[in-house]
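Beneath this line is the structure, given in structure tokens, with notes to follow.
The values are calculated or read from the model by the stated rules, or taken from the named source; none is laboratory data. Just so it is clear, the model here is predicted, and its values are computed rather than measured. For neighbour counting, all protein chains shown are included, and Cβ atoms are generated from backbone atoms with ideal geometry for every residue, glycine included.
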């Protein structure tokens, strides 16, 4: 399983927007992309008009670019499949999207599959 987390930084603290458990690296990236699109819409709801603030626009554009960058997604999927975490953070704007694979390591003394009984 892969634990996925979307967080936002407020003026005085950070808070969790949403979490998800994904079964595969591709599912984790799909969820992160949807969260990036939702956060970009919250920060800059009308990208064809003047932004609320320059910081909101910069963060929203960074999230939109990342959500559309398929080459970086393939790299992220490979990293997750190898057991490495993946994260994107916007500065300014304070949006962090993270996926962390949950790996379980068997102790050396644990029986392995196919071992004689």
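Which one is modelled with the highest pLDDT among residues in segment 2-11 that are surrounded by 16 or more Cβ atoms within 10 Å (Cβ to Cβ) and over 11 Å from the mean Cα position of the chain (by Cα)? Reasoning before the result, please.
Residues of segment 2-11 surrounded by 16 or more Cβ atoms within 10 Å (Cβ to Cβ): 2, 4-9.
Right, trim to over 11 Å from the mean Cα position of the chain (by Cα) and you get 8-9.
Numbers: 8: 89, 9: 83.
Among those that are surrounded by 16 or more Cβ atoms within 10 Å (Cβ to Cβ) and over 11 Å from the mean Cα position of the chain (by Cα), it is 8.
Residue-by-condition table, conditions (1) in contact with a helix residue (DSSP H, G or I) (Cβ under 6 Å, 6 or more places away or on another chain); (2) assigned to a helix (DSSP H, G or I):
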residue: 8; (1), (2): no, no
residue: 12; (1), (2): no, no
residue: 20; (1), (2): yes, no
residue: 33; (1), (2): yes, yes
residue: 40; (1), (2): yes, yes
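Which is touching a residue at least 24 places away in the same chain (Cβ under 8 Å) and surrounded by fewer than 17 Cβ atoms within 10 Å (Cβ to Cβ), of 34, 72, 14? I'd like the intermediate steps shown before the answer.
Details: 34 fails: touching a residue at least 24 places away in the same chain (Cβ under 8 Å); 72 fails: touching a residue at least 24 places away in the same chain (Cβ under 8 Å).
Selected residue: 14, the only one of 34, 72, 14 that is touching a residue at least 24 places away in the same chain (Cβ under 8 Å) and surrounded by fewer than 17 Cβ atoms within 10 Å (Cβ to Cβ).
Scanning for something surrounded by fewer than 18 Cβ atoms within 10 Å (Cβ to Cβ), in a helix (DSSP H, G or I) and modelled with pLDDT of 80 or more, does segment 80-98 turn up at least one residue?
yes
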